[in-house]
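For reference, the structure discussed in these notes is given below.
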Amino acid sequence: MLGKKVPAVTFRTRVRDEAVGGPNPFRWQDMTSDDYFKGKKVVLFSLPGAFTPTCSTYQLPDFEKLAGEFRALGVDEIYCLSVNDAFVMNAWAKGQNLENVKVIPDGSGEFTRKMGMLVAKDNLGFGMRSWRYAAVINDGLVEQWFEEEGYSDNCESDPYGVSAPQNILENLKARAAA
């Protein structure tokens, strides 16, 4: 993964647009990998599903809380990606009161598949989802890689630690000090 360019994918997103009017003022907007990753340093973390316990209780809120520390180390954006559609990701972001972390809907799992992280979660009734991982991506190239152990289909556990924001921060700080 290190040195690998992120796959070129078009993401179907929903963005608020007051010109739409009505009770649901959102419109479709296609976003590309370049829109998210080109010309900036980002932390991308991917997880099995919006609203799931580990993701909602620890991983996403901790990235949100620690965003200032990431920015101080030269990170321009923090993205949370999941194999969920734009409606689900936007509802989750709203429910989590996100201000610093941006969500990316990978509804069809294309980006996740091309990253080599798509796994079956049929044992949980999820279908195909992302394995839990994170990466530091600089101008579209993977600089650091944080993959949870045990990558497999229908994994009985949900390992979490390697891709925790605290671990990524520690690694970024060590690199900055070197």
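The values are calculated or read from the model by the stated rules, or taken from the named source; none is laboratory data. Note that this is a predicted model, so its numbers are computed, not measured. Positions of Cβ are generated from backbone atoms using ideal geometry, with glycine treated the same way; all protein chains shown enter the neighbour counts. Just the protein is used for accessible areas: all its heavy atoms, side chains included, with ligands, DNA and RNA removed. Shrake-Rupley method; radii C 1.70, N 1.55, O 1.52, S 1.80 Å.
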About its Cα centre, the chain carries a charge dipole, from +1 on Lys and Arg Cβ atoms and -1 on Asp and Glu Cβ atoms, whose size in debye to the nearest 20 is 320
Given a 1.4 Å probe, the accessible area of the range 33-141 per residue, as a whole number of Å², is 39
Taking a quarter of the surface of the convex hull around the Cα atoms of the chain, what do you get in nm²?
-> 10.3
How many lysine pairs are close in the chain, with Cα atoms under 24 Å apart and the two 8 or more places apart or on different chains?
-> 29
Among 178, 131, 90 the positive-end extreme of the charge dipole of the range 52-178 (Cβ point charges) = 90
Would you mind working out the magnitude of the charge dipole of the range 1-58 relative to its Cα centre, with +1 at each Lys and Arg C-beta and -1 at each Asp and Glu C-beta, to the nearest 20 Debye?
-> 260
Subtract the Cα-Cα distance of residue 51 and residue 144 from 0.36 nm times their separation in residues, and report this length gain in nm to one decimal.
-> 30.8 nm
How large is ³J(HN,Hα), in whole Hz, for each residue of the range 62-72 in order, when computed from phi with the Karplus curve 6.51 cos²θ - 1.76 cosθ + 1.60 and θ = phi - 60°, using x for Gly and Pro?
-> 5, 4, 4, 5, 8, 3, x, 5, 5, 4, 4
Treating only the Cβ atoms of Lys and Arg (+1) and Asp and Glu (-1) as charged, compute the dipole magnitude of the range 90-178 about its Cα centre; round to the nearest 20 debye.
-> 260
With runs of 4+ DSSP H residues as the only contributors, calculate the mean residue ellipticity of the chain at 222 nm using -39,500 (n - 2.57) per run, divided by the residue total and rounded to the nearest 500.
-> -6500 deg cm²/dmol
The range 1-101, Cα convex hull volume normalised per residue, Å³ | 126
Which of 43, 20, 3, positive extreme of dipole for the range 1-47 (C-beta unit charges) = 3
Give the relative contact order (percent, whole number) for the range 1-125; include only Cα pairs under 8 Å separated by 6+ residues.
-> 26
Between the alpha carbon centres of the range 71-88 and the range 8-24 the gap in Å comes to 17
Output ³J(HN,Hα) for the range 157-174: one whole-Hz value per residue in order, computed from phi by the Karplus curve 6.51 cos²θ - 1.76 cosθ + 1.60 with θ = phi - 60°, and x for Gly and Pro.
-> 10, 10, x, 8, x, 4, 8, 5, x, 4, 5, 5, 4, 4, 5, 5, 5, 4
Would you mind telling me the share, in percent, of accessible area of the chain contributed by carbon and sulfur at probe 1.4 angstrom?
-> 51
